[in-house]
Structure formats: structure tokens, C-alpha cells
1. With respect to C:I11, determine if the residue is surrounded by 15 or more Cβ atoms within 10 Å (Cβ to Cβ), within 26 Å of the chain's Cα centre (by Cα) and over 30 Å from C:S171 (Cβ atoms).
2. Does C:A115 satisfy the criteria of being out of contact with any Phe, Trp or Tyr (no Cβ under 9 Å at 6 or more places or on another chain) and surrounded by fewer than 17 Cβ atoms within 10 Å (Cβ to Cβ)?
3. Only one of (1) surrounded by 12 or more Cβ atoms within 10 Å (Cβ to Cβ); (2) at the interface with another protein chain (Cβ under 7 Å from one of its Cβ atoms); (3) more than 14 Å from A:L119 (Cβ to Cβ) is not met by C:A19, so which one is it?
4. Of all residues in region C:27-43 being buried (at least 19 other Cβ atoms within 10 Å of the Cβ) and out of contact with any Leu (no Cβ under 6 Å at 6 or more places or on another chain), which is farthest from the other protein chains (Cβ to nearest Cβ)?
5. For the structure I just gave you, tell me whether A:P239 is in contact with a Phe, Trp or Tyr (Cβ under 7 Å, 6 or more places away or on another chain) and either free of Cβ contacts under 8 Å to residues at least 60 places away in the same chain or farther than 30 Å from A:I202 by Cα (or both).
6. Determine which single condition A:I214 fails, assuming it passes every other condition in (1) within 15 Å of the chain's Cα centre (by Cα); (2) away from chain C (no Cβ under 12 Å); (3) of a type outside the set (G, A, S).
7. Test of understanding: among C:P139, C:P132, which residue is within 12 Å of chain B (Cβ to nearest Cβ), part of a loop (DSSP other than H, G, I, E, B) and surrounded by fewer than 24 Cβ atoms within 10 Å (Cβ to Cβ)?
8. Scan region A:266-286 and tell me whether some residue there is surrounded by 20 or more Cβ atoms within 10 Å (Cβ to Cβ) and not in a helix (DSSP H, G or I).
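The values are calculated or read from the model by the stated rules, or taken from the named source; none is laboratory data. A quick note: this is a predicted structure, and the numbers were derived from the prediction, not measured. All Cβ positions, even for glycine, are placed from backbone atoms using ideal geometry, and neighbour counts span all protein chains on display.
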Amino acid sequence: MIGTALPPPRTSRGRRLGDHLFASFGALVTLLALAALGALLYDVARDGLGRLSWSFLTSYPSRRAADAGILPALAGSLFVVTLTALIAVPLGVSAAIYLEEYGGRGRLARLIEINIANLAGVPSIIYGLLGLGLFVRLMQMERSVLAGASTLALLALPVIILATREALRAVPPSLREASYALGATKWQTTWHQVLPAALPGIFTGLILALSRTIGETAPLITIGALTYVPFVPTDVWSPFTVLPIQIFNWVSRPQAAFAENAAAGILVLLVVLLAMNACAIVLRDRLQRRV
Amino acid sequence: MHSPTETRGHASLRLLLIVTLSAAAVACGRGNEASGATAPAQVITIDGSSTVFPVIEAVAEEFQREHRGTRVTVGSSGTGGGFQKFCRGETDISNASRPIKATEIEACTKQGIEYVELPIGYDGIAIVVHPSNTWASAMTVADLKKLWEPSAQGRITRWSQIRPDWPDREIHLFGAGVDSGTFEYFTEAIAGKAGQSRGDYTSSEDDNVIVQGVSGGPDALGYFGYAYYEQNRDKLKLVAVDDGDDTNGAGAIRPSPETVANGTYRPLSRPVFVYARVSSMDRPEIRAFLDFLLDRGQPLVREVGYVALTPREQELVRRRYSERKTGSMFAGTDHAPMTLEQRLTR
Amino acid sequence: MRSRRIFEAVIERALFLCAAGSILVTAGIVLVLLWETAAFLGEVPIREFLFGTVWTPLFYDKQFGVLPLVAGTLLASAIAMAVALPAGLLIAIYLSEYAPAPIRRTVRPVLEVLAGVPTVVYGYFALQFVTPLLQQIVPGLAGFNALSPGIVMGIMILPLVSSLSEDAMRSVPTGLREGAYALGATRMQTALRVVVPAAFSGISAATVLAMSRAVGETMIVAIAAGQQPRLTLDPRVPIETMTAYIVQVSLGDTPAGTLEYRTIFAVGMLLFLSTFALNLMSNWLRGRFRQEYA
């Protein structure tokens, strides 16, 4: 590897000592960063583990911290993220297919690419403002699941497009060329050959984009998601709340018991995230097995 | 023909498409039942004062325990924010820690929103400091005015500027946001006119933030409804208030359910209200909720830390509701010295 | 055969529309922000907005100087960069120049977990753990302050700096390193005097991107930094950032058409332009880096 292919440089002992110190310092800082992550998880677990229970998962929010539960928030999160996926995935995958398979080097395509790259860097609260102005006010969706999911779909779109493009790019050109050689059209090639081959990568990208979505708080606060919603939303026009907002609500309450609830809520959120990412890995492996 | 890869991928995509379309169909179908923008009919929408929020939250929780099918959402956008929504017809019930204002009455009339004004209890606005604050145990109304009036902005920044014998340390102020009824009431009582306040403090519609702020450091001072002190006694210290008028209690008085009830905690005691939309009362679940609130809400008012109405007042409020008496008792005569009972029987 | 060709053309059109739709999103953002900001600037002169030093748009004495919010954002972001930049760079150097492959392979994904934690969790961490801890060390640290969320933000964006810088450094051709070793330099000297300068554009791109991320961060500061707009450089007192202001107003009521409603869009516009400029700069730097080593 770097530096090990050659004989050790002939330097003075002082400089070698400095070198070792520097290496140790680097290792130390790395460990500190990992320790910070550990401290975070430890702190959350210490405060929240005791509070986690089946009743916590199935109860509704309450003014009494001991009775409060996370059911509406959990259901809301799952509902919203599913709806977000339904909106964002077809749009995003289609856009990526166009850019990768049909796009060409035209100026318009280039503009679209730059545009998507920039959108990926826009702070999530700006998407919330867009959702407020467009979905809540102009299209009159009010504080519904639909408004929330539409806003989050816009947020997830650039990431899905970028991830899908990566997956499509990873498909070897020989696959496409063989298909053309057999007389297939572009769409036939894309639909029957390229997409299926890229599916593992696409799924992985999707689930990663959606796991970011499930942790988003600011855009939903901006469009007006409520903090006290003691019921499970049943349709897209229903008011709703999500896990991060419920956590935010509990964090804002000064009583120590609510801090425990917040920590327990965080653990639930982290478990959901872990499950989604594990899903991504499993799906990718299963779809990859046939290669 | 198709490669095995392709068949597998193909099948997944087909499945995805079917799921997508059917889910969309279901979602849109349900949506069309509810008239587009509004929430489904079985939801009771309540919003408004952060001060009154703990009471309504308690009532909603107990109510939903007995009425499993009904859903109640409670927001806390502040009294002013609540009225804005109420007078646009977006909420069924508005919580308020001050009476409805003339401009709000006008807005409601313009939209054809009729309401019944229902007092549900009394609150004393508590002035609080950090427990380690040893110097500010009592303040006069003049002190508070000096601290909070608009001209104090950028000028009064240290404790010693209020009283020379107090320490020369920075003050960290926390208080209600401008949409808050507590804000309006406090500014009117202290500075003389509603809305007159300095702007350079941490302002929040959420009284929990104020609690966190005051309990966070020794130099902090804040104000909010008494219930928030009651629920956080271990983190806060009350400041007694002297209004300079010995006829209603000599010297500096600390807020408590007793002093608020017997009228000695002045000028920061006030009634708190809910305003219920008359057109919503056609719905059985709204009537059930209001019945619950009026008949069984008083113990919850006490539990949360506010002062309950007297039995006579409760009876008068109940009559006001059953007669659907619309309009505000406070219209035109803001803060004329009348008791609630007097107003209710006017 | 014609029907097949028509079908293909239709499909291509449909896909193109989806791709072009992304332009609609950007247009939407710009339009919404522009529309409300224009209305806002119709009532508030732009000089007052950009250069005024008092921000009390909701109060009796309405003042619309956005500088306190900008100061709050910059203060918190600067603290975050002060944490993330040295630590991230050091970690990147260590992983790229010193660490054996197995360590690098395990450490890097673990560090990226730091970037994946939802920000509301970081906010909780800042308020409940870091602030009380710091209050024992820093005298006069208020419950809400810029220091605690700044440090936590730094931890959050650290993987961004370290991963991108590491990639940049590993792209530097080994020939350069070997030349340095041949001249008798230690690994530290090579890293600091040869590799880092060579990867400078890439590292700057990473830094600017991290800065953009810090500026746009909302929940950590909304929970732990306070809601008091003030023009200060003191990290121990409550402040308010641009993002936290938008959250604060959103938690109240935002009736369309009022001046309060428009302030969140005006502030949002400022935020959008700042992060956009930073992202553009980062892209340009990355382009220059690729030019040097493509």
C-alpha cells in the first residue's frame, strides 16, 4: 500500500517520533469521533430503554408522561413514507432512465443534471416552504398526509434520481449492445434488460433515500404538521404526525419524564431506520444472487 | 425469450406498478369522501392558547377514552393564531387566554362565524426565575413595566438597572410570543396597552420552551400561565408581585390557586376561555365534547394547576351554552372592573 | 412497425417530462420564494432588511433587520466548522495515509452512520447531554446557547468533511508521494506538505459543502440554540438562526398574505441563495480538482 512498498525513509529520530505522534493523534481523533457516536447512542439508550414497552408502542400521546405512547406517530411515519415512495419513485426512476439512457449530451440534459445536483443540496426547510406555498395554500391540501408526502417526495426526488442513475450506469454496456444487436428497440432494451439488471442498486438507493425521509422534521413542521394528534390517520386527507415531530414535541417539554419518552421515541425511530437499511442490504443481495 | 434475470426483475416491476395503482385508487377514493380540503367529519379541530392547552389536552384525552370513535386534534398556535383560524372557519373550538378582540369579532362576523364564549377557569400569570436567584423574590408592577416596556429594548439589560441593590448581571428574558393571549394580557396589565413589549427576548408560543429557558440558567426571568409553574415546581422559583394597591391585598402577593381565586393576585389574574362555533354544534360529537368539558372539566382545570369556576359561575356558563348565547361579554368594555359573574348575568 | 415507433416516441416523451419535471421543482422553489419575498420587499425596504441590526418583525416596534438571524446562523456554523474541519481533515489524513486497509474499511461506514442520524436526535443530544455537560465547564453558559448545537452540528457534518477529503487525497497519484519519500520525508511531512496541498481543491470543495450543510441545518438549532435574535458573537447566550426563525413562526399561525407569513419566505430566500452560492462554489472547486487529476 502507500508508503509500505518502499524501505522506511532514513530520517532522524526526532522526525520519526513526530511522525508517530501524528499518527497516534490521528487515530485518537478518529476514536473520539466514534466515541461521540457511542456517547449519543449510550445517552439515548440510558434514558429511553426503560421506557420502551409494548404499551408505549400502542398508546396515544398523553399529558401524563407515563401514559404517553407513540402509536399515531409511528403509524403516521409509515403512512407518510409509503405515500412519499409511491409519488417519488415512479417520477424519480423515470427521470433517471431518461437522463441515463436517452439523454445524450444536449444542453438541456446537461442543464437538468446540474439542476438535480443543486436540488440535492437545498436545505430541507426550503422544501417545507415550497410545500407550504404550493401544496398547502395554492392546492388547498391543508395539513394532510398528502401535503406532507408530496413535500417529502420533492425532497427525496434528487436523491432517488442520482441513486438510480448510479445503478443504471453500473449495468455493463455489453448488455445493452447485445440487446440492440438482436433488434430490440431502446425501450425494449431498457425495460427488459437494463432495468432488471439495475434493480438491486435502485432498491438500495430508494431505501436509503426513504430512510432519510423518515427522519425529516423541519419540512413537515413548516407545512403545519400538528404535535398533538391522538389518533391514527386513515386516509390521505387526514391530519397526521410523524415520529420526529412527536420526539420534538416531547423534547420541548421540560419535565424529565418526557425526556425519557423522547429518548424511547428516538430508539423506535432508530430501529425503524435500521430495519429499512437492513432491508436494503438484504434486497440487494437477493436480487444480486442470480448474477 | 426472456432471461431469468429479466423475468424476475420484470415481475418485481409489475408488482410495484399494481401496488402503486391500487394504493393510489384507494387513497384517492377515500379522499373524495371527505370534501377535499377539510378533515373528515369525525375530527374535532381545536386550536389556540398555549396557556389553555394543558386543560383541553386533559379534557380531550379523557373524552377520547370514553368516546373511542371520535378524534380530537389540539394545536397551540397561540390565542391570536387560534382566533385567526377560528374566524376562517378552520377550527371548531378556539382556546383563548384573553377575551376575543374587536378586530377578531369583526373577522368572524365577516365570515359569518357565530360563537359562544365560555369561560372555563382562572389563571394567574406567574413571573418566574431560576431557583438559585436569591435577589428577585418580589417585584412591583413598576419594576415589571420598566423591564418589559418597548423602550426597555436594548436598554435595560442588567438586573442592577431595575433595582440598584440587585446584582450587576445580565438578564436573560423569556416570554410569550406575539400570538399568545398571555402576551396580550401581560403587556396590557403591565405596560398599559396590549402588544406593547420589548422585542429582544426569547419569545415562544410554546410555554414549555419558556420553562426550559428559565430553568436553564441563573440569570433568567420569564412569565407564563400558572399551570406551567405548577408542573415544573422543582425547576422554577415564583416572584411575588406587588401592584401597589393595598385594598386588594397588601404588599407583594405570590400567585396560587387561592390568591387567584380571591382576587388578591393582581393585576395578573385573568379568566381563560374556549370559544365554540355555533355551526359546529350541529354535530353530535361536538355537543358531546362540550358537555364533557362543561360538566366534567373543572376537576381537570384544577389538576392542571388553574383555578376552577365557582359553582354559581359554572351554572351560568352552562346556561350560556344551552341557550347558545352568542357574542362576547367583553365587547366594548375591555377591562371594566366587573367580575365574571356580573358579566355572565348581564 | 409504425405503432412500435410511435410507442417508443411516446415513452421517450413521458420519460423526458419526468426529467424536465425536476426543473419545475427548482422553478417552484424560486417562484414561491420570489413571489412572497417581492411582496415582503414591497412593504419593507431592502436596505433595512439586509443591513438592519434589529429583528422584531412580530412585535409592536416592528423592525426587519435580518442581520441578527444571519449572525446567529454564522456563529453556530462557524463553531460547527471549527469542530468538523480540523477533526475531519485529521481523520481523513489518518485514514488515507496511515491506517491499514481493514481499519479504513470498518471506520469509514461507521463514521457515515453519524451523518445518517436524524437531526432531531442530535437536537435531543445537544439539549439533554451536551449543554448540561458544558455548563459545568464553561462559566455563564445559558440553557440555550450557540456553543452546544454548534459542537453537535460539527459532529454531524464531520463525516462529510472526512469522507470527501479522504476521497480527494486518495485520488492524488502515488507518484507524488513516492517522490516525497524518495527525498526522505516522513509520512507526516508527505501528508501535510505534499498530499494535502495537492488535494486542496477537493478538500475545499468538501469544506464548502459542509458549510452549506451547517447553514441549512434546522432541528439542532431549533431545539438547543434558542429563539432570541441578537447580533452577538458570544457563544454562551441564546441566539436565533434563520432556520430556527422559520420553524418558530411555523409553529404559531401563518395566515397567508400577512407580513409575518412573508417574513419566513424572505428569510427562506436569503437562506436558499446562501446555500445555493455555497453549493455552486463547492461544485466549481470539485470541477477544478477533477481537472487537475482526471
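1. no
2. In short, yes.
3. Only one criterion in (1) surrounded by 12 or more Cβ atoms within 10 Å (Cβ to Cβ); (2) at the interface with another protein chain (Cβ under 7 Å from one of its Cβ atoms); (3) more than 14 Å from A:L119 (Cβ to Cβ) is unmet by C:A19, namely (3).
4. C:F40
5. So A:P239 fails the test.
6. Against the list (1) within 15 Å of the chain's Cα centre (by Cα); (2) away from chain C (no Cβ under 12 Å); (3) of a type outside the set (G, A, S), A:I214 comes up short only on (2).
7. It is C:P139.
8. No - not one qualifying residue is present in region A:266-286.
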